[in-house]
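What follows is a set of notes on a single structure, which appears directly below.
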Amino acid sequence: MENEELIQQVTEKAKKWLTPAYDAETQAEVKRMLENEDKTDLIEAFYKDLEFGTGGLRGIMGVGSNRMNIYTVGAATQGLSNYLNKNFKDLEQIAVVVGHDCRNNSRLFAEISANIFSANGIKVYLFEDMRPTPEMSFAIRHLGCQSGIILTASHNPKEYNGYKAYWDDGAQVLAPHDKGIIDEVNKIASAADIKFEGNKELIQVIGEDIDSIYLDKVHTISIDSEVIKRQKDLSIVYTPIHGTGMMLIPRALKQWGFENVHCVPEQMVKSGDFPTVISPNPENAEALSMAIDLAKKIDADIVMASDPDADRVGMACKNDKGEWVLINGNQTCLLFLYYIIKNRIAMGKMKDNDFIVKTIVTTELIKAVADKNKIEMRDCYTGFKWIAREIRLSEGKQQYIGGGEESYGFLAEDFVRDKDAVSACALLAEICAWAKDRGKTLFDVLMDIYVEYGFSKETTVNVVKPGKSGADEIKAMMENFRANPPKEIGGSKVILAKDYKTLKATDGEGNVAHHTHNCMYLRQISTCRMEFLPYIWHCINSNDINSLVCQIEEIIHHFIEYSWIFVIEIPLIRIKCCQYMPVHLFTPCEISRSSFRKHLRHCLFKLIRNFSRLIALIAIHIFLFASLGSYRPLMCICRMIHNYIQT
């Protein structure tokens, strides 16, 4: 689009903000941008609408359709209200929780949102002041609400604010609700469509009543209270970096039994300007510099920092030379899960159905720890909403004991459904106490893990590309990277590349390595009772994904009983046994039900002949002809396998 066309487009859009539906201050700022010869501000503010995506809203605060302000926040809340009223139309009273962080305008946006919800007949539980994001997630579940929002931009720079939407399980919204909410938000054409006049009768302020219950629940995840009693004088330095962590994390540490906690006084001041740091991101060394200075002064054992909405935790400890070093997100997640697994086993708390979760971009060393200790580990897409999804899928069947991601988020409990720096800081202090009780530091424990399970090293490089030009540049970079992937990295040849957008894997020459078209991940389960991970593949030649998913629901419920993985792959058929057996690929014309049964029985007998006990389950790909019309024969085969294994 030519520059003149773009200017004309944003000018017409901006003029719509000069109507009485917008306040005088907003109109004055729009007029200033329109009259300014330099149209950069006008373009940046109006070249697009701030999109309500699957993660909600996030953007720079200011006037315009591409900025965080009461009108873009209002449109998001009105759209969410409309969706809730449609989705829960038979419910006598719909309820939501509204929380916010320390950022400039967060309280204003929270109160505006509470008014809009109440104007739409929805009961609102509004926190009295800033609170951590995980507590808002907890409150949704505790109060039996249908949704909730938190006004926060997490660890972004001070110019930003954001809006995250949650569903009734306390997790960020996923399909189909994310698309449904987005559709309703997109229907809000102007400020005139937003109900700003609230109903005070439907707004209830909450605070300490939820704080105390939440902190009591957080205390229940402690694994070894005795080690804390022995190391209650552990020297801890903590900083909330001016954010919500100051409300609960020092209290949580005290409640767990730690008596020597030192908070960085300059950063225990609530401020959306974050005056002591360049950016309030605990991933950055600069954000922890004041805490490390204090740690050096008092000879502390550990440094911990939470981001503004207290869902991420950064840490530092002494290395083998006594120097303070930062522990990155992968290492932190590794330490958490190593401690949880090893100590739950040592104390007899580990159960056969316990499982952990990590994201696909998080270190594979976690899988090595889980495999060696015969604990189920699941991989999921990036983002804690996917970890929360795994918890939800297994609720009442298996016990989640921890999960995290490389971006410094960790969740040790299932009564919250988002990453939680409150519980993470308390548990991290316990891990440090456990290490000190054995004459070690956290750095020593990390080295022990590397010696036993293998070594990995990674470094994150953050590249910031602001504004429209930055967005265009990022898009071009990704398109180029996808079209021209690297042939080698650091002198090592690339042998496999997985594209999670297209669900295709290619080798170093760009050839398709595995058929992943129309592949939908449904379930992943392993068991500590078996030495090898079993696989079940069910393949159906169908072009209608929605119909296919409905058809297989019954089968999924049946297979879950036997702790097998269930995946759909279309349209290939594969029969695969454990690593000791070859993989056989079939096409529909090459296999019949009778030949499949014959091959299956052969595989079973071969396994039993080769092993004194059955330590591997069979991985099966089954093709059902379209004319079959019933899954009853499949069920019979599965029951036969299960009964055969049991005997």
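FYI, it's all coordinate maths here, none of it is from the lab. Note that the coordinates shown come from a computational prediction; the quantities given were computed from them, not determined experimentally. Please note: Cβ atoms are built from the backbone with ideal geometry, for glycine as well, and neighbour counts cover all protein chains shown.
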What's the percent breakdown of Cα-Cα distances in the range 135-271 across 5 Å bins, shortest bin first? 2, 7, 12, 14, 18, 16, 12, 8, 5, 3, 2, 1, 0
Identify all lysines with a Cα-Cα distance to Lys13 below 20 Å; exclude those on the same chain that are fewer than 8 residues away in sequence. Lys31, Lys39, Lys48, Lys187, Lys468
How large is the convex hull of the Cα atoms of the range 188-232 per residue, expressed in Å³ as a whole number? 163 Å³
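For the range 269-400, how big is the tail of P(r) above 26 Å, as a whole percent of Cα pairs?
When all Cα pairs of the range 269-400 are counted, 37 percent exceed 26 Å.
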By a straight-distance test (C-alpha under 15 Å), which aspartates and glutamates pair with Lys195 as possible cross-link partners, with residues fewer than eight away in the same chain excluded? Asp23, Glu111, Glu184
Selection of trypsin sites (Lys or Arg not before Pro), the range 331-429, meeting DSSP coil and at most 16 other Cβ within 10 Å: Lys349, Lys351, Lys374, Lys397
For Lys493, give me every one of the aspartates and glutamates with a C-alpha distance below 16 angstrom, ignoring sequence neighbours fewer than eight places off in its own chain. Asp507, Glu509
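Given Lys89/Lys179; Lys254/Lys349; Lys179/Lys200, which pairs have Cα atoms separated by over 28 Å?
Lys179/Lys200, as the Cα separations exceed 28 Å there.
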What do you get for trypsin sites (Lys or Arg not before Pro) in the range 285-321 restricted to DSSP loop and a cutoff of at most 14 other Cβ within 10 Å of the site's Cβ? Lys321
Around Arg482, what is the net charge, scoring Lys/Arg as +1 and Asp/Glu as -1 over all other residues with Cβ under 14 Å from its Cβ? +2
Hull volume in cubic angstrom per residue (convex hull over the Cα atoms of the range 263-329): 82 Å³
Violations at 31 Å Cα threshold for listed pairs Lys217/Lys436; Lys158/Lys436; Lys270/Lys475; Lys342/Lys419 -> Lys158/Lys436; Lys270/Lys475
Hey, any idea what the orientation-averaged projected area of the convex hull of the range 1-120's Cα atoms comes to, in nm²? 8.9 nm²
